[in-house]
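Take a look at the structure below.
The values are calculated or read from the model by the stated rules, or taken from the named source; none is laboratory data. Source: prediction; values computed, not measured. With ideal geometry, Cβ positions are generated from the backbone for all residues, glycine too; neighbour counts draw on all protein chains shown. The protein model used for the area step is the full one, side chains on, heavy atoms only, and it has no ligands, DNA or RNA in it. Shrake-Rupley method; radii C 1.70, N 1.55, O 1.52, S 1.80 Å.
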Amino acid sequence: MRVRVLGTAAGGGVPQWNCACHGCAAARAHPSWRRLHASIAIEASPGRWYVVNATPDIAEQIEANPDLHPGPERRRTPVAGVVLTDAELDHTLGLPRLREARDLRVVATGTVRDALARGLRMDRVLAPYTSLTWSDLPEDEPVPLDGAGGVAIRAVRVSGKRPRYAADLDLPDGAWSVALHVTDRRSGASLVYAPALAGWPSGLGRALSAADCVIVDGTFWDDDEPRRSGFTDRTATAMGHLPISGPGGTAARLAALPAARRLYTHLNNTNPLVDPGHDGHRTLAGMGIEVASEGQVIDL
Ligand SMILES: [Zn+2]
């Protein structure tokens, strides 16, 4: 199973259009600091890829990765569909950018589908352009992506955190945010992709312990970072993102996993790790942890 990292930033990307913080200003000056919104692509069967989360950068992400380019026929694309881990704007606004597709397969939990239909009117808005073909992503049940015997994904509930636009929607509490446990049934290798970790529920812990590679939420370096940066008075944890370092940080938990590869993604523009030279990279490397980079290929 081949996985490509398409983007590694939290909402807004790095740089964020209206921000002149240290990280964003440096990203304008130094291309190596720039990060697109967090996303990966999974090759479900030879030449057929599923993009996990449709970010506002999705068209640029497809262009930046030749495996995802169309051809040889004019309108033939290796992008077989999109899998959503949640209904956040940064993970779904890319769907309208794919409206040139004749049809588009979207795999998501019922909760996420309902939020997009009722909160964003996504089906209705896109109906004149393309047809969204929804595939259900039930919790804790492997779903073959491209036929039995190949790659299967399993949704593991991470939290009931709703997008802000869905706060008042009359929808039940449910699988608002899931991690994906991706298994290649041919090799037995597996990956857990969890770009938003509001907590560490036992089901997630089991999936992480069984995976050969984990790519998880690295939005904030420490819990006080959002407050210190001055853009909010909430902590990282209160914003729905367990921090990397400090008490309760995820780095120590990742280091204890048996996985051969452990990576952070979804970095906020305030995270000191957006600086490629920051000491935190060496600290994490010493714990066997990497920060994912765009274009990175992971073969499992
Ligand atoms: Zn910034």
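List of remarks:
- When 235, 250 are checked against the criterion of being surrounded by 16 or more Cβ atoms within 10 Å (Cβ to Cβ), in contact (Cβ under 8 Å) with a residue 40 or more places away in the chain and of a type in the set (Val, Ile, Thr), 250 stands alone in meeting it.
- When 212, 217 are checked against the criterion of being closer than 24 Å to residue 143 by Cα, buried (at least 23 other Cβ atoms within 10 Å of the Cβ) and of a type in the set (D, E, K, R), a single residue qualifies: 217.
- Options 103, 90, 57, 67: the member that is within 17 Å of the chain's Cα centre (by Cα) and more than 16 Å from the ligand (Cβ to nearest atom): 57
- Just one residue in the set 162, 74 is under 27 Å from residue 199 (Cβ atoms), open to solvent by 10 Å² or more (accessible area, probe 1.4 Å) and not β-branched (Val, Ile, Thr); that residue is 162.
- Strands (runs of 3 or more DSSP E) wholly inside region 168-218 that include at least 1 residues being among the polar types (S, T, N, Q) and at pLDDT 95 or above: 177-184, 190-194
- Scope region 143-191; condition under 19 Å from residue 120 (Cα atoms) and in contact with a strand residue (DSSP E or B) (Cβ under 8 Å, 6 or more places away or on another chain); matching residues: 160, 161, 163, 175, 176, 177
- When restricted to residues that are without any contact (Cβ under 8 Å) to a residue 24 or more places away in the chain and open to solvent by 80 Å² or more (accessible area, probe 1.4 Å), region 44-69 contains 3.
- Subset of region 3-32 [more than 10 Å from the ligand (Cβ to nearest atom) and within 19 Å of the chain's Cα centre (by Cα)]: 3, 4, 5, 6, 7, 8, 9, 10, 11
- With respect to the conditions (1) surrounded by fewer than 20 Cβ atoms within 10 Å (Cβ to Cβ); (2) out of contact with any Asp or Glu (no Cβ under 8 Å at 6 or more places or on another chain), residue 245 lacks only one, and its number is (2).
- Flag if residue 267 is surrounded by 15 or more Cβ atoms within 10 Å (Cβ to Cβ), of a type outside the set (Lys, Arg), more than 16 Å from the ligand (Cβ to nearest atom) and modelled with pLDDT of 95 or more: no
Okay, residues lined up against (1) of a type outside the set (S, T, N, Q); (2) in contact with a helix residue (DSSP H, G or I) (Cβ under 7 Å, 6 or more places away or on another chain); (3) over 30 Å from residue 269 (Cα atoms):
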| position | (1), (2), (3) |
| --- | --- |
| 37 | yes, yes, no |
| 49 | yes, yes, no |
| 61 | no, no, no |
| 70 | yes, no, yes |
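- For residue 264, the criteria (1) under 22 Å from residue 30 (Cβ atoms); (2) part of a helix (DSSP H, G or I) hold in every case but one, which is (2).
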